[in-house]
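Please read the structure below before turning to the comments.
The values are calculated or read from the model by the stated rules, or taken from the named source; none is laboratory data. Computed from a predicted structure; not experimentally measured. Using ideal geometry, Cβ is built from the backbone for each residue, glycine included, and neighbour counts are taken over all protein chains shown.
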């Protein structure tokens, strides 16, 4: 893929992935032949992204830093057709999940991924998972540096790491290069935030011990400023401390956040810095040449400044109200004049959040080829992004997305809901998430009303593992099981914005499934009546507190 | 438990000195073989490394990876050059990792373990992490080829 503006494999990467496919093929053969017990096979399939769920195997495909070429997206469509049921589910970790895979076909599906330089390595298991990034990376107007350069360096370092493949628990890293954090770095095991200090140098703030799950915690700063070339040495030191001292006696206390919580961030810092002292001048130190070689892959496409005021766009704005709303919610500023970042909404009214059919994936690939330098991003909010669109092409892109059903003008709005797969697929879930999301989506489908309500993030998880990030939703909804009945606990005030990162507070008793929509409606009505000029839902909540919301909800349901 | 060493597909004789648990060994430092729990601090062996010819590290379960860190600290930071043995939950699919961390003998009763050991070092022809096994990483090899290209261009 010489035309790509992000990392493309060389022979080394390709060989490793091919050898990994063969290793997995042999492991599946041994499992099917009965040479491996399910207990022995489980960690092997998991480190290849293969889960056993309620109805079938699920394959979780890594999309490093959420960046895809149109060629890769077409291959994902083909794989979902050939080995699954013709659709896939984009997740909050910028991955794609196929939920109906057959074990005996899994090696072939993974081999097909390798044809387009993709894999499913380490998308599960107690290892370093796929590193996530700002989905606007390399295009955002507010960016300091492209975080994907560093994600790729982490990807390579973490792939088949000999020391860190059997950690106490999974390990998630996120990197952002913008002051407006779109990668949720404070709720990851390690978050790295690029920033420029007083001397004009760019380095990382290293944040450790954040996470959601059953014990949600906001990450703490481990190192205020880390020189970029020392990133790997510092990560290796932190992972070694975690590997040695992280708890292994209780699955629910095994994440690094618990270690940091139990020993305190000062002690954690002391331990990591001591390890780091012995590593910082080792072969892990990144040479300028190595960094530059990776960075070259991410050279931006050759965009020339263009006119920002385009008559056709202005005319269509007056003519088509939905287009005008779409420009407001789904189009973000690009760093090159006359360009924009377009978010394709995978949340049309009533649809399962994050799902795309093979035909829709191919459609998005076609649009990317025509209008966005063949590049697509997956956002952690389960939408697809076209990062480099000329303003003059916005009407054409809007029409093309509309044909696919992906032009809903709802990004950041009440129906742009994050939801985990829930009890419809997942063996861990206590309750369904997708049908709840669908009902809320249908109830608030009117676009003008959504835009009047403004920015409001609803996040739904089907169990306390919190894959739907309910803790950081402005409105969080958690499915719980009470004596065989699915109930939903509502929390308010969560936020992942940098500087405002907060966990939501539970509103009151859980409500039955059929009352969730009424409860959300009551919350929205309370906000609309109480809001001051310019206030978002979460701002009003912070100002007036939970009581008015609580009174209204429990008077209603 | 069958004992394997790199270079042979069949088990070797386990007739060396019996390893002594760390706490006991530290008391009288008798013998040249010591066995560690994966919670033991390997640093206490620093002054005694020259006296040791075998260090046994333990995996209570294959999924408990603490001994990988112990192994790398012993090899890379402390410079231990004697035999380092993996015991407990030792399965063939861990071998590429174990070898890279510096283990060179293995107790395992898994069927096919010896054959897997013969293949393990070449199962992956590419590595990304610098470790004591000295294999050049992909990043180092790329650097070399860029330098050759640059020289050729001059």
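Failed condition for residue A:235, given (1) within 14 Å of chain B (Cβ to nearest Cβ); (2) surrounded by fewer than 23 Cβ atoms within 10 Å (Cβ to Cβ), with all others met?
(2)
Looking at residue A:436 and the list (1) crowded, with 24+ Cβ neighbours inside 10 Å; (2) within 20 Å of the chain's Cα centre (by Cα); (3) touching a residue at least 60 places away in the same chain (Cβ under 8 Å), which single condition is not satisfied?
It is condition (2) that residue A:436 fails.
Going by the structure shown, is residue B:65 without any contact (Cβ under 8 Å) to a residue 12 or more places away in the chain, in the same structural domain as residue B:36 (by TED's automatic domain parsing), more than 11 Å from the chain's Cα centre (by Cα) and closer than 23 Å to residue B:112 by Cα?
When the stated conditions are applied, residue B:65 passes them.
Working carefully through the options A:289, A:229, find the one that is under 19 Å from residue A:151 (Cα atoms), surrounded by fewer than 22 Cβ atoms within 10 Å (Cβ to Cβ), in contact with a helix residue (DSSP H, G or I) (Cβ under 9 Å, 6 or more places away or on another chain) and within 11 Å of another protein chain (Cβ to nearest Cβ).
None of the others qualify; the one that does is A:289.
Taking the stated definitions as given, is residue A:427 outside the structural domain of residue A:87 (by TED's automatic domain parsing), more than 25 Å from residue A:533 (Cα to Cα), at pLDDT below 95 and surrounded by fewer than 22 Cβ atoms within 10 Å (Cβ to Cβ)?
Yes; evaluated as a whole, the condition is true for this residue.
So for segment A:53-76 (the condition being within 11 Å of another protein chain (Cβ to nearest Cβ) and either under 30 Å from residue A:373 (Cβ atoms) or not in a loop (DSSP other than H, G, I, E, B) (or both)), does at least one residue qualify?
No, every residue in segment A:53-76 fails to be within 11 Å of another protein chain (Cβ to nearest Cβ) and either under 30 Å from residue A:373 (Cβ atoms) or not in a loop (DSSP other than H, G, I, E, B) (or both).
Of the numbered conditions (1) more than 14 Å from chain B (Cβ to nearest Cβ); (2) surrounded by fewer than 23 Cβ atoms within 10 Å (Cβ to Cβ); (3) touching a strand residue (DSSP E or B) at 6+ places or on another chain (Cβ under 9 Å), residue A:110 fails exactly one; give the number of that condition.
Exception for residue A:110: condition (2).
Take segment A:240-273 and flag every residue that is farther than 15 Å from residue B:64 by Cα and modelled with pLDDT under 95.
A:252
Surrounded by 20 or more Cβ atoms within 10 Å (Cβ to Cβ), on the phi > 0 side of the Ramachandran plot and in contact with a helix residue (DSSP H, G or I) (Cβ under 7 Å, 6 or more places away or on another chain): is that true of residue A:211 in this structure?
Here the answer is yes, as residue A:211 does meet what is asked.
Here's a check for you: in segment A:238-253, which residue that is away from chain B (no Cβ under 11 Å) and under 29 Å from residue A:500 (Cβ atoms) is surrounded by the most Cβ atoms within 10 Å (Cβ to Cβ)?
It comes out as A:238.
Taking only segment A:1-37 into account, find how many residues are facing chain B (nearest Cβ under 9 Å), without any contact (Cβ under 8 Å) to a residue 12 or more places away in the chain and assigned to a helix (DSSP H, G or I).
Summing the residues that are facing chain B (nearest Cβ under 9 Å), without any contact (Cβ under 8 Å) to a residue 12 or more places away in the chain and assigned to a helix (DSSP H, G or I) in segment A:1-37 gives 7.
So which residues in segment B:19-29 are within 19 Å of residue B:81 (Cα to Cα) and modelled with pLDDT under 95, if there are any at all?
Once the filter is applied, which keeps residues that are within 19 Å of residue B:81 (Cα to Cα) and modelled with pLDDT under 95, segment B:19-29 yields only B:29.
Taking segment B:36-62 as the region of interest, how many residues are surrounded by 14 or more Cβ atoms within 10 Å (Cβ to Cβ) and in contact (Cβ under 8 Å) with a residue 24 or more places away in the chain?
Qualifying residue count for the region: 16.
Out of curiosity, is residue A:338 more than 21 Å from residue A:183 (Cβ to Cβ), surrounded by fewer than 20 Cβ atoms within 10 Å (Cβ to Cβ) and not assigned by TED's automatic domain parsing to the domain that holds residue A:93?
The answer is yes for residue A:338.
Among the numbered conditions (1) modelled with pLDDT under 95; (2) surrounded by 13 or more Cβ atoms within 10 Å (Cβ to Cβ), tell me where residue A:316 comes up short.
Among (1) modelled with pLDDT under 95; (2) surrounded by 13 or more Cβ atoms within 10 Å (Cβ to Cβ), residue A:316 violates only (1).
Checking residue B:91 against (1) more than 25 Å from residue B:130 (Cβ to Cβ); (2) at pLDDT 95 or above, which test does it fail?
Single failed check for residue B:91: (2).
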